[in-house]
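Novice: Below: one structure in C-alpha cells.
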Amino acid sequence: MIARRSRHCMGLAMILALLTINLFCCWAEAFDRAGWIKRGEKALNPFKKSLMGALVEGLEDGPEAAIEVCQIVAPEIAEEVSSAGVELGRTSHKLRNKDNAPRGWMQPLLEGYLGTPGKTDPEVVQLKDGGVGYVEPIFVKRMCLACHGSAISPGVSSLVDEYYPGDQARDFKEGDFRGLFWVEFTNALQGDALKIFRLTWCLTNHEKVCVLFP
C-alpha cells in the first residue's frame, strides 16, 4: 500500500513538473523581451534628457546648485514623466538619497552589473504581479565628479552632509558604474498571458493554493 501511494505521488509530481515546464515555455514565448526593452528606452528618454539639461544648467551656477537639482528637480521630473501604469526613477548600490533605494526586483540586477564590469546592455525582467521591470546602467561622467568624486570641495561636502546624512555616493572615478535608471510597468501582462504567468509563478514557487483570478 505504501509503495503504491509512493508511486502515485511520484507520478503526480512528474505530471506537475511537466505542466510547469510547458506553462513556463508558453509564458516565455508570450513575453516580448525586445519589445519591452524598446518600451523601457522610450519611457526613460524624456526623463534622462530633462535631468541632464537641468544638471548642466545647475552646474553653470556651481556644484552646489547641481546638488539642489538632484534633491528637488530630479524627483519632480520623474513624477512628471511617469504616467498611469508606468513608474520610473534611479537607484544605486551607493545611495545618496535614501528615497532612491532599490526595490526588491532591482537588487539582483544591481548585483549583476557590479559583477560584470563594463556591461552596458539594458535588462528587462518579469515581475511577480504581472508587471515588467526595465533597467539600464548609469556610468559616472566627468561632470559628476564635483559632487561624487574623491576631491569634493568643503562647501559641496558640507551641503551634501546637510541634505543627505549617511551619504555613500562619493569616491567615484570617471567611468565607474553609478547605478541604474529604471522603469516599472505595472499590470503589463493582460488576459491569457497574465493567467499563464500567475499559474507558472505559483507552481515554480511551490504555492499551496494557485489562484488564476484574483
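Novice: Among the residues of region 142-160, which ones are within 19 Å of G89 (Cα to Cα) and either modelled with pLDDT of 95 or more or β-branched (V, I, T) (or both)?
Specialist: The answer is H148, and nothing else.
Novice: Across region 135-176, which residue is farthest from G40 (Cα to Cα) among those that are touching a Ser or Thr at 6+ places or on another chain (Cβ under 9 Å) and aromatic (F, W, Y)?
Specialist: F172
Novice: If you don't mind, there's one more thing I want to ask. Looking only at region 71-99, count how many residues are in a helix (DSSP H, G or I) and free of Cβ contacts under 8 Å to residues at least 60 places away in the same chain.
Specialist: Count: 11.
Novice: I would also like to ask the following. Which condition number does D121 fail, the rest of (1) of a type in the set (D, E); (2) at pLDDT 95 or above; (3) farther than 24 Å from V81 by Cβ being met?
Specialist: (3)
Novice: Scan region 35-46 and tell me whether some residue there is of a type in the set (D, E) and farther than 24 Å from I152 by Cα.
Specialist: Yes, region 35-46 has at least one match.
Novice: Quick check, is I77 modelled with pLDDT under 95 and under 29 Å from G155 (Cβ atoms)?
Specialist: The answer is yes for I77.
Novice: Further question on the same structure: In region 109-133, how many residues are on the phi > 0 side of the Ramachandran plot and either buried (at least 17 other Cβ atoms within 10 Å of the Cβ) or within 11 Å of the chain's Cα centre (by Cα) (or both)?
Specialist: The total comes to 1.
Novice: Could you check region 134-189 and list, in sequence order, the residues that are small (G, A, S), surrounded by fewer than 17 Cβ atoms within 10 Å (Cβ to Cβ) and in contact (Cβ under 8 Å) with a residue 24 or more places away in the chain?
Specialist: S153, G155, G166, G175
Novice: Taking the condition of being charged (D, E, K, R) and assigned to a loop (DSSP other than H, G, I, E, B), how many residues in region 117-169 meet it?
Specialist: Selection size over region 117-169: 6.
The values are calculated or read from the model by the stated rules, or taken from the named source; none is laboratory data. Keep in mind that what you see is a predicted model, and the values were worked out from it rather than measured. As a convention, Cβ positions derive from the backbone with ideal geometry for all residues, glycine included, and neighbour counts pool all protein chains shown.
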